[in-house]
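The values are calculated or read from the model by the stated rules, or taken from the named source; none is laboratory data. Everything numeric in this text was worked out from a predicted model, so none of it was measured. Cβ coordinates were reconstructed from backbone atoms using ideal geometry, including for glycine residues, and neighbour counts include every protein chain displayed. Surface accessibility is based on the protein's heavy atoms, side chains included, excluding ligands, DNA and RNA. Shrake-Rupley method; radii C 1.70, N 1.55, O 1.52, S 1.80 Å.
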Amino acid sequence: MKNRKIVKFKTPEFICINCESIIPWGRQTKLFCSELCQEEAKYIRYHRKAIFEGKANLPDIKQAIDIKRISIVSGGYPLRERTIPQKVRKQVIIKSHGLCQSCGKLGTDIDHIQGSSNDLSNLQLLCILCHNEKTISNFRKVDPLDPKFGSIFLKNLDLDKRIKNRKPFKICDDFKKWESSFRGISNERKKLYYEWVYNFANERSISGISADQIAGKLNNLNVPTFSGLGKWDRKIVGEMLRVQ
Ligand SMILES: [Zn+2]
Ligand SMILES: [Zn+2]
């Protein structure tokens with residue numbers, strides 16, 4: 001058994017259902033190549049649904065649409081807020097007495113006063129309406145001489161096309177069928193992916209490589225576990241090889 005040649009199985013490659021690029025290694029069972037693509041598709045479904053329900057011009061819905069749009073076009077603005085440590089968030093709330101620093105109503109959002117520094121002096125509490133208003137007014141029209149102008153222009157054209165077309169262009173644009181398509185594609189990808197993991201482990205096990213070593217290889221290759229949490233170990237590899 002010692003010199004048995006290990007059969008190589010081609011790593012399954014999946015395509016991002018939003019931008020059609022290849023999903024990077026380590027996110028294999030996901031449907032989107034990045035959080036930004038996931039957010040973009042979510043925004044498209046939200047906007048299409050608002051139009052479908054005749055609500056796209058209601059002031060609060062319009063504000064929510066504008067804010068999501070800006071966040072997508074400018075490369076994922078809301079991701080920033082999530083990175084503020086819990087301890088700092090609490091300090092901001094205490095500093096502001098829980099009130100919006102613009103209108104005095106109950107505060108809900110942590111706002112970066114300027115730039116993206118998470119320093120306590122650069123953070124304030126706002127209500128969602130004031131926070132959105134500030135973000136929209138800060139989003140200046142991009143100068144045609146700005147090097148990013150071309151790509152932002154094209155992005156807007158692409159988004160408009162996907163939002164306004166009567167029939168959804170992509171699976172992830174279809175708010176009516178999304179729940180079930182998501183589950184279907186996700187299960188299909190998981191199945192193919194874990195078939196590959198099983199073959200990878202089984203080939204090595206047949207060749208006399210220990211479960212411990214196989215687990216180490218899977219970890220080195222950054223292969224996500226079935227739950228997506230934690231690391232591979234002897235026990236998980238052993239169980240996988242027994243179950244199949
Ligand atoms: Zn993508
Ligand atoms: Zn306010």
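Is it the case, given these coordinates, that Arg183 is among the basic types (Lys, Arg), over 21 Å from Lys30 (Cα atoms) and in a helix (DSSP H, G or I)? Give the steps one after another, and end with the answer.
Numbers: among the basic types (Lys, Arg): yes; over 21 Å from Lys30 (Cα atoms): no; in a helix (DSSP H, G or I): yes.
In short, no.
Given Glu81, Glu133, which one is in contact with an Asp or Glu (Cβ under 8 Å, 6 or more places away or on another chain) and modelled with pLDDT under 95?
It is Glu81.
Which residues, counting only those in region 186-209, are open to solvent by less than 90 Å² (accessible area, probe 1.4 Å), assigned to a helix (DSSP H, G or I) and among the polar types (S, T, N, Q)?
Selection gives Ser186, Asn199, Asn202, Ser205.
Pick from region 86-121 the residues that are polar (S, T, N, Q) and within 20 Å of Gly75 (Cβ to Cβ): which of them is farthest from ligand 1 (Cβ to nearest atom)?
Gln114
Is it true that some residue in region 134-146 is open to solvent by 80 Å² or more (accessible area, probe 1.4 Å) and in contact with a strand residue (DSSP E or B) (Cβ under 8 Å, 6 or more places away or on another chain)?
No.
Each row is one residue, and each column tells you yes or no for (1) modelled with pLDDT of 95 or more; (2) not in a loop (DSSP other than H, G, I, E, B).
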site	(1), (2)
Lys68	no, yes
Gly76	no, no
Lys87	no, yes
Gly104	yes, no
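Listed residues Asp212, Asp174; which is open to solvent by less than 70 Å² (accessible area, probe 1.4 Å) and of a type in the set (Asp, Glu)?
Going through Asp212, Asp174 in turn, just one is open to solvent by less than 70 Å² (accessible area, probe 1.4 Å) and of a type in the set (Asp, Glu): Asp174.
So if I check each of Ile44, Ile22, Ile51, Ile17, which one is more than 16 Å from ligand 2 (Cβ to nearest atom), among the aliphatic types (A, V, I, L, M), more than 24 Å from Asn219 (Cβ to Cβ) and open to solvent by 70 Å² or more (accessible area, probe 1.4 Å)?
Criteria check complete, one pass: Ile51.
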